[in-house]
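Data first, discussion second: the structure below is written as structure tokens.
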Amino acid sequence: MSKGEKSTTETFTMYVGGEPTASESGETTTATNPATGESLGEVPKGTREDARRAIAAAREVQPELEAMTDFERAELCHELADAVEANHESLAEWLTKDQGKPLSEARTEVELCAKEFRNAAEDVKRAETEVIPSEDPDKHIYTIRKPHGVLGVITPWNYPLNIPAEYLAPGVAVGNAVVWVPAPTTSVVAVKLLETFAEADVSLPDGALNLVTGDGPVVGDEVVVNDGTDAIGFTGSPETGEEIASKAGTKPTLLELGGNGPVIVLDDADLDAAVGCTAFGCFSNAGQICSASERVLVHEDVREEFTERMVERAREMQLGDPTDPGTDLGPLNNEGVAEKMDRHVADARDKGADVLVGGGRADDQPTDRYYEPTVLSGVTTDMTVNWEESFGPIAPIIGFESYEEAVEIANEIDLGLTSSVFTSNLELAEYFADRIETGIVNVNDSSAYWEIHTPFGGYTGKRSGHGRIGGKYSIAELSQLKTIAIDHGNARSPLDTA
Ligand code: NAD
């Protein structure tokens, strides 16, 4: 038990077929606030049978969703966005309690969650399909968009409202019914989102959005392997993503996996921008971002100055109570991610890196999940921090001398999600943008810069996933095209056959 731990009797529910429901086993897991160690209440520990019930409920209602027009589903998505906005502050507070991020970041995430529903509503209305020229004068060939059917959605704990909304919103907008499995360490805020929808005046058919809480290898696995799901959307680690890909068989899968984003600071970079944006990419959400600035490659001519400024930035960051408006970093969400940080820093120290600031868990906080903003210098490519995603508040600085060397270090690892390059030379910007093997390259901004309607996803050949999420790309991934060819008879000379 940690300092400040309190007990609470609140029991949360899953949502199956529109009904709040406990697990058929009656088992629960205690949810804990990572910032305080306080119990938030009991979350149902779902079973395979619970997942099957949710899949059956989704299957039953899916034809009703599919029969609605795109405009009717768009209206539904706007209503869901209204519900999120009406509960903005309450959802942000639950997000902070469940995940640990500063309240200011939680508020932004709730806004993004609502925006996902608004954008999906607008995107689906403009998801035009094509009339395709035919070789045969009697044929009229065109495509229409159909949903996949029942969409299984499995999500991580770092953005526990916005990432699910990336699937739920376009998924429902195109006529899928959804079975959603949230991460076990952020299931409370998932329940709160479904509760928000259930309590709002929303014309969502019962069973269109189902929530099954519990262990990923149990309820998540059931959603993947069950014949009742038609497609899978997964955001999480490469290891789980690969397991899901192998088990999903021929089901369409959209996989958004890990990153280890290189940031490349060239000798002509605007250092104010490079330091500010890199600090943002390393320390926002305490570094728990797939697009975090996980490896910082700096040209030797500016490395010393850049490093000094990063250290200053890290020292200025306030680690502490995520509900305090002055806090920049809250706790890490779970012990697993904190242990990974411990391991990466220990490995870097052992192999000769200097810990210039931070480098461990803070000992003056209510729980041991608070990791100090950390800057490492003298990082070399053999260190684990170069090869693996750290997912914590860390800026490992790696020096380079030539542009070719920077490209080689950037590309030699097996992850390729996002990156950024700082330079004032347009030709160099294009040189790097063309060569870095990541799905997104940001020039003169953080590796974490993205807009929710732009295509986001892993580079082919890496382990960062496949498919693209965002705007019309999500609509395309979460639906299928059907080609229809109609033979009109003798269209060239209709009067001859009359
Ligand atoms: P994780 O893979 O451990 O878990 C993700 C989800 O999968 C959880 O809900 C978990 O319960 C479930 N799960 C676990 N084992 C399962 C199984 N065998 N079958 C089905 N479901 C299973 O990942 P995490 O630790 O929650 O999240 C961190 C990872 O997510 C990082 O690698 C991060 O980069 C990645 N991520 C990627 C993006 C992106 O958009 N590419 C965004 C956010 C996070």
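Only one of these is surrounded by fewer than 22 Cβ atoms within 10 Å (Cβ to Cβ), in the same structural domain as Asn119 (by TED's automatic domain parsing) and of a type outside the set (Val, Ile, Thr): Tyr473, Tyr431. Name it. Don't jump to the end; show me each part of the working.
On the way: Tyr431 fails: in the same structural domain as Asn119 (by TED's automatic domain parsing).
Going through Tyr473, Tyr431 in turn, the sole match is Tyr473.
Among the listed residues Pro20, Pro44, identify the single one that is modelled with pLDDT of 95 or more and either within 25 Å of the chain's Cα centre (by Cα) or farther than 28 Å from Ala121 by Cβ (or both).
Of the residues listed, the single one that is modelled with pLDDT of 95 or more and either within 25 Å of the chain's Cα centre (by Cα) or farther than 28 Å from Ala121 by Cβ (or both) is Pro44.
Quick one: would you say Asn210 is assigned to a loop (DSSP other than H, G, I, E, B) and either more than 16 Å from the ligand (Cβ to nearest atom) or of a type outside the set (Phe, Trp, Tyr) (or both)?
no
Looking at segment 245-263, can you tell me whether even one residue there is buried (at least 23 other Cβ atoms within 10 Å of the Cβ), touching a residue at least 12 places away in the same chain (Cβ under 8 Å) and over 30 Å from Gly171 (Cβ atoms)?
yes
Could you list, in sequence order, all residues of segment 66-103 that are out of contact with any strand residue (DSSP E or B) (no Cβ under 9 Å at 6 or more places or on another chain) and of a type in the set (Asp, Glu)?
Within segment 66-103, Glu72, Glu75, Glu79, Asp82, Glu85, Glu89, Glu93 meet the criteria.
Take segment 229-275 and flag every residue that is of a type in the set (Asp, Glu), within 12 Å of the ligand (Cβ to nearest atom) and in a helix (DSSP H, G or I).
Matches in segment 229-275: Glu239, Glu242, Glu243.
Of the conditions (1) surrounded by fewer than 18 Cβ atoms within 10 Å (Cβ to Cβ); (2) not in a loop (DSSP other than H, G, I, E, B), Pro325 clears all except one; give me its number.
All conditions pass for Pro325, except number (2).
Can you tell me which of (1) free of Cβ contacts under 8 Å to residues at least 24 places away in the same chain; (2) surrounded by 16 or more Cβ atoms within 10 Å (Cβ to Cβ) is the one Glu389 doesn't meet?
Failed condition: (1).
Of these, Val181, Val223, Val172, Val188, which one is more than 16 Å from the ligand (Cβ to nearest atom), among the hydrophobic types (A, V, I, L, M, F, W, C) and surrounded by 24 or more Cβ atoms within 10 Å (Cβ to Cβ)? Step through it out loud before you land on a result.
Numbers: Val181 fails: more than 16 Å from the ligand (Cβ to nearest atom); Val223 fails: more than 16 Å from the ligand (Cβ to nearest atom); Val188 fails: more than 16 Å from the ligand (Cβ to nearest atom).
On inspection, the qualifying residue turns out to be Val172.
With Thr155, Thr143 as the choices, which residue is in contact (Cβ under 8 Å) with a residue 60 or more places away in the chain, in contact with a Lys or Arg (Cβ under 7 Å, 6 or more places away or on another chain) and on the phi < 0 side of the Ramachandran plot?
That would be Thr143, the only listed residue that is in contact (Cβ under 8 Å) with a residue 60 or more places away in the chain, in contact with a Lys or Arg (Cβ under 7 Å, 6 or more places away or on another chain) and on the phi < 0 side of the Ramachandran plot.
Of all residues in segment 343-374 being part of a helix (DSSP H, G or I) and away from the ligand (no atom under 16 Å from the Cβ), which is nearest to the chain's Cα centre (by Cα)? Can you show your working first?
Pass one, segment 343-374, residues part of a helix (DSSP H, G or I): 343-350.
Going one step further and asking which of them are away from the ligand (no atom under 16 Å from the Cβ), we end up with 345-350.
Details: Val345: 25, Ala346: 28, Asp347: 28, Ala348: 28, Arg349: 31, Asp350: 33 Å.
Taking the candidates together, the pick is Val345.
Any residue at all in segment 160-167 that's surrounded by fewer than 24 Cβ atoms within 10 Å (Cβ to Cβ), within 16 Å of the ligand (Cβ to nearest atom) and either more than 25 Å from Glu19 (Cβ to Cβ) or over 21 Å from the mean Cα position of the chain (by Cα) (or both)?
yes
The values are calculated or read from the model by the stated rules, or taken from the named source; none is laboratory data. In this text the structure is predicted, and so the values were computed from the model without any measurement. Here the Cβ is made from the backbone with ideal geometry for all residues, glycine too, and neighbour counts use every protein chain on show.
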